[in-house]
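A.B. asks: This is the structure I want to talk about, given as structure tokens.
The values are calculated or read from the model by the stated rules, or taken from the named source; none is laboratory data. Note that the coordinates shown come from a computational prediction; the quantities given were computed from them, not determined experimentally. Positions of Cβ are generated from backbone atoms using ideal geometry, with glycine treated the same way; all protein chains shown enter the neighbour counts. Keep in mind that these areas ignore ligands, DNA and RNA; they rest on the heavy atoms of the full protein, side chains included. Shrake-Rupley method; radii C 1.70, N 1.55, O 1.52, S 1.80 Å.
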Amino acid sequence: MNWFRIRAIIKKDISAITARKSLWMPLILVPFILCLILPCVMLLLSIKLGGKAPIHNSGSIDKLFKLYTIPAEFITSDQKFVYVFMNYAFIPMFMILPVMTSSIIAAYSISGEKEKKTLETLLYTPVSNKELLTAKLLAAFIPAIVITVVSFGTYFCVGNIISLIYLKTMIIRSFIWIPAILMLSPAISLLTLSLNLIISLRAKSSQESQQLSGLIVLPLVFLLISQLQGLLVLNTFYLILFSLILFLLSMVIINKIAPRFDRESIINTL
Amino acid sequence: MKVIQTLNLSKTFDNNIIALSEFNLEVEKGEIFGLLGPNGSGKTTTVRLLNGTLTPSSGMTSILGLQSNNQEVRLKTSTLSESAMMYEHMTVYNNLLFFAAMYNLRESEVKPKIKDLLTRINLWEKRDLKLGSLSTGMKKRIYLVRCLLHSPEIVFLDEPTSGLDPESALQVNQLIYELAKNDGLTVFLCTHNLPLAEMICDTFGFIRLGKMIAVGNKEDIVHSIAEENKLQIDTLQNTHHFNFKERDEINGFIRKILEQGENICEVKVIRPTLEEAYFHYIGKTENELV
């Protein structure tokens, strides 16, 4: 594998994203709203309205609290609820980021190149099928992980600063975030990419590719709802296990698809 | 030395469309070979088989002594196709640097070459402009430069002048000729633009329905459709037409006219044109070709 070529393709693909406002805007706006504005508003509202509009200690809420380990400093139901929300319910939200980023970039970098007829030129160069596949996967994987990590870093800092000011304690502190960001998010990103690869081999335009890959978000929405309903409880063990399963699944898909990612198959769909 | 060879090359696609059938070809080093045929005749498939993008269903290809699917072939050749574009959001210079990287060439190695080639096509001043801001004619010339960055031995050009106005097409055509002759390149040119091909090609091949139906230099091809040449002698008094097979017959006709006491103004040998030969072959029915 020639890493000089791979690096050049990655650099070119990322420059294609940054050159188009319609592509990079959602990559900035969505994390900003989903992982910063939304949690901060929730945190501030719960602090400001704490006690004024108390959460009723219904049986279902109590059951939900019992499912998670909540530090002793969080006494009232509002505080407990915000703790559970900020540490557990937001995990699926953060997982939307690698899905969205990978989908947008992968759709653009493969189907988009087909659409703009630049992929054909690339196929006429000495770049090997393996190099092209690796470059296309990395060009979407790296930004997806960077965006997720940076978004989490911002969420962690801003959330805890607000919490330290008003509650005198850090609120985002569950260790579950470590495997969530460092294992689950790359695994989800890789799975999204592998599915995107299947789609992009058939899709003729980036729009078609994006529409199909948008379906990947659905399981995450299901995860979020089941968590809030107490049907599914995320813990570190299950998260690591889930990440490993997704990694394996992605690898199986990539290995299955890789032989079909050859010049002839691609050029026949142009 | 033959640098492109095919033997009974055939390609049938998954949908059972026969794109190429028993296709035989030989191209000498340094030659400009023009593959002429109407749309859908198999020209692009031929290029894609020769540059290793497609795998033949049967038969064999040899490019510089290598099988065309060998990665080495892509390092020693380059392809410019009608539909293959470059990156419009990138500058001319960065586009060329990117494609040079695909051939393992670092900026320090390729910069002088880029400067030289862009200067030759009068576009060095435009190097920092985004490719998307240039005219189609300029883009085509940049695409040609992209093909030459790694000093290939063979260049496959598939309709390089399509979509260009006559002036730009002529410029690109001239550029292909100069680059080929100055740099000793072998050019495999696919086109349906007969007059432009006639200006620069040394050898021609006519393709129809995936079959090579005539091949040779202009003289051979033209001769193949007409066994006899026509001679037209204009005198002050008359216009005379004669058919002849050998050139030495011409003197006899001239003498005969002079003996009749006529004053000759002009003597013209009328041979079929390449265009006539093209339509002679391309116009044949499928049954006649078989």
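A.B. asks: Scan segment A:87-136 for residues that are facing chain B (nearest Cβ under 10 Å) and hydroxyl-bearing (Ser, Thr, Tyr) and report the count.
C.D. replies: Final tally of qualifying residues: 5.
A.B. asks: Is it the case that B:Thr136 is β-branched (Val, Ile, Thr) and over 30 Å from B:Lys245 (Cβ atoms)?
C.D. replies: yes
A.B. asks: Among the candidates B:Leu164, B:Leu185, which residue alone is touching a residue at least 60 places away in the same chain (Cβ under 8 Å), open to solvent by less than 50 Å² (accessible area, probe 1.4 Å), closer than 18 Å to B:Tyr143 by Cα and hydrophobic (A, V, I, L, M, F, W, C)?
C.D. replies: Sole residue among the options that is touching a residue at least 60 places away in the same chain (Cβ under 8 Å), open to solvent by less than 50 Å² (accessible area, probe 1.4 Å), closer than 18 Å to B:Tyr143 by Cα and hydrophobic (A, V, I, L, M, F, W, C): B:Leu185.
A.B. asks: Within segment A:228-270, which residues are within 25 Å of B:Ser83 (Cα to Cα) and assigned to a loop (DSSP other than H, G, I, E, B)?
C.D. replies: A:Phe261, A:Asp262, A:Thr269, A:Leu270
A.B. asks: Restricting attention to segment B:81-93, report how many residues are more than 8 Å from every other protein chain (Cβ to nearest Cβ) and not hydroxyl-bearing (Ser, Thr, Tyr).
C.D. replies: The total comes to 2.
A.B. asks: Out of B:Phe206, B:Phe242, report the one residue that is over 30 Å from B:Met90 (Cα atoms), in a strand (DSSP E or B) and either at pLDDT below 90 or open to solvent by 20 Å² or more (accessible area, probe 1.4 Å) (or both). Spell out the reasoning first.
C.D. replies: On the way: B:Phe206 fails: either at pLDDT below 90 or open to solvent by 20 Å² or more (accessible area, probe 1.4 Å) (or both).
Of the residues listed, the single one that is over 30 Å from B:Met90 (Cα atoms), in a strand (DSSP E or B) and either at pLDDT below 90 or open to solvent by 20 Å² or more (accessible area, probe 1.4 Å) (or both) is B:Phe242.
A.B. asks: Counting only residues that are in a helix (DSSP H, G or I) and either in contact with a helix residue (DSSP H, G or I) (Cβ under 7 Å, 6 or more places away or on another chain) or touching a residue at least 12 places away in the same chain (Cβ under 8 Å) (or both), how many does segment B:250-270 have?
C.D. replies: 4
A.B. asks: Further, regarding this structure: In segment A:224-256, what residues are surrounded by 17 or more Cβ atoms within 10 Å (Cβ to Cβ) and at pLDDT below 85?
C.D. replies: If the condition is that a residue be surrounded by 17 or more Cβ atoms within 10 Å (Cβ to Cβ) and at pLDDT below 85, then A:Leu224, A:Gln227, A:Leu234 are the ones that fit.
A.B. asks: In segment B:63-79, what residues are under 19 Å from the mean Cα position of the chain (by Cα) and either among the small types (Gly, Ala, Ser) or within 8 Å of another protein chain (Cβ to nearest Cβ) (or both)?
C.D. replies: B:Ser78, B:Thr79
A.B. asks: Looking at A:Phe94 and the list (1) closer than 18 Å to A:Ile225 by Cα; (2) open to solvent by 10 Å² or more (accessible area, probe 1.4 Å); (3) aromatic (Phe, Trp, Tyr), which single condition is not satisfied?
C.D. replies: (2)
A.B. asks: Find all pairs meeting these conditions: Cβ atoms under 6 angstrom apart; at least six residues apart or on different chains; first residue within segment A:161-177 and more than 26 Å from A:Leu239 (Cα to Cα) and aliphatic (A, V, I, L, M); second residue in a loop (DSSP other than H, G, I, E, B) and open to solvent by 80 Å² or more (accessible area, probe 1.4 Å).
C.D. replies: No pair meets every condition.
Let's see how each residue does on (1) touching a residue at least 24 places away in the same chain (Cβ under 8 Å); (2) charged (D, E, K, R); (3) open to solvent by less than 60 Å² (accessible area, probe 1.4 Å); (4) within 14 Å of chain B (Cβ to nearest Cβ):
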residue: A:Lys11; (1), (2), (3), (4): no, yes, no, yes
residue: A:Ala16; (1), (2), (3), (4): yes, no, yes, yes
residue: A:Val30; (1), (2), (3), (4): yes, no, yes, no
residue: A:Val84; (1), (2), (3), (4): no, no, yes, no
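A.B. asks: Kindly establish whether B:Thr79 is part of a strand (DSSP E or B) and under 30 Å from B:Met138 (Cα atoms). Give the steps one after another, and end with the answer.
C.D. replies: Numbers: part of a strand (DSSP E or B): yes; under 30 Å from B:Met138 (Cα atoms): yes.
Yes: the conditions hold for B:Thr79.
A.B. asks: On to the next question. Restricting to segment B:94-131, and then to whatever is touching a strand residue (DSSP E or B) at 6+ places or on another chain (Cβ under 8 Å) and within 11 Å of chain A (Cβ to nearest Cβ), can you tell me which residue is least open to solvent (accessible area, probe 1.4 Å)?
C.D. replies: Looking at the filtered set, the residue picked out is B:Leu131.
A.B. asks: While we're on this one: If we scan segment B:217-232, do we find a residue that is of a type in the set (A, V, I, L, M, F, W, C), open to solvent by 40 Å² or more (accessible area, probe 1.4 Å), within 30 Å of B:Lys11 (Cβ to Cβ) and modelled with pLDDT of 85 or more?
C.D. replies: No - not one qualifying residue is present in segment B:217-232.
A.B. asks: Looking only at segment B:1-28, count every residue that is surrounded by 14 or more Cβ atoms within 10 Å (Cβ to Cβ) and either closer than 22 Å to B:Glu198 by Cβ or in contact with a Cys (Cβ under 7 Å, 6 or more places away or on another chain) (or both) and tell me the total.
C.D. replies: 4
A.B. asks: Would you confirm, using the coordinates I've provided, whether B:Leu54 is farther than 22 Å from B:Leu144 by Cβ, facing chain A (nearest Cβ under 9 Å) and buried (at least 16 other Cβ atoms within 10 Å of the Cβ)?
C.D. replies: Criteria met by B:Leu54.
A.B. asks: Residue by residue through segment B:68-83, note down the ones that are free of Cβ contacts under 8 Å to residues at least 24 places away in the same chain and among the hydrophobic types (A, V, I, L, M, F, W, C).
C.D. replies: B:Val73
A.B. asks: How many residues does segment B:30-45 hold that are away from chain A (no Cβ under 14 Å) and either in contact with an Asp or Glu (Cβ under 8 Å, 6 or more places away or on another chain) or crowded, with 23+ Cβ neighbours inside 10 Å (or both)?
C.D. replies: Here is the first cut: in segment B:30-45, the residues away from chain A (no Cβ under 14 Å) are B:30-43.
This time we only want the ones that are either in contact with an Asp or Glu (Cβ under 8 Å, 6 or more places away or on another chain) or crowded, with 23+ Cβ neighbours inside 10 Å (or both), so: B:31-37, B:41-43.
Summing the residues that are away from chain A (no Cβ under 14 Å) and either in contact with an Asp or Glu (Cβ under 8 Å, 6 or more places away or on another chain) or crowded, with 23+ Cβ neighbours inside 10 Å (or both) in segment B:30-45 gives 10.
A.B. asks: If you scan segment A:160-174, which residues turn out to be outside any helix (DSSP H, G or I), hydrophobic (A, V, I, L, M, F, W, C) and surrounded by 18 or more Cβ atoms within 10 Å (Cβ to Cβ)?
C.D. replies: Residues satisfying the conditions are A:Ile171, A:Ile172.
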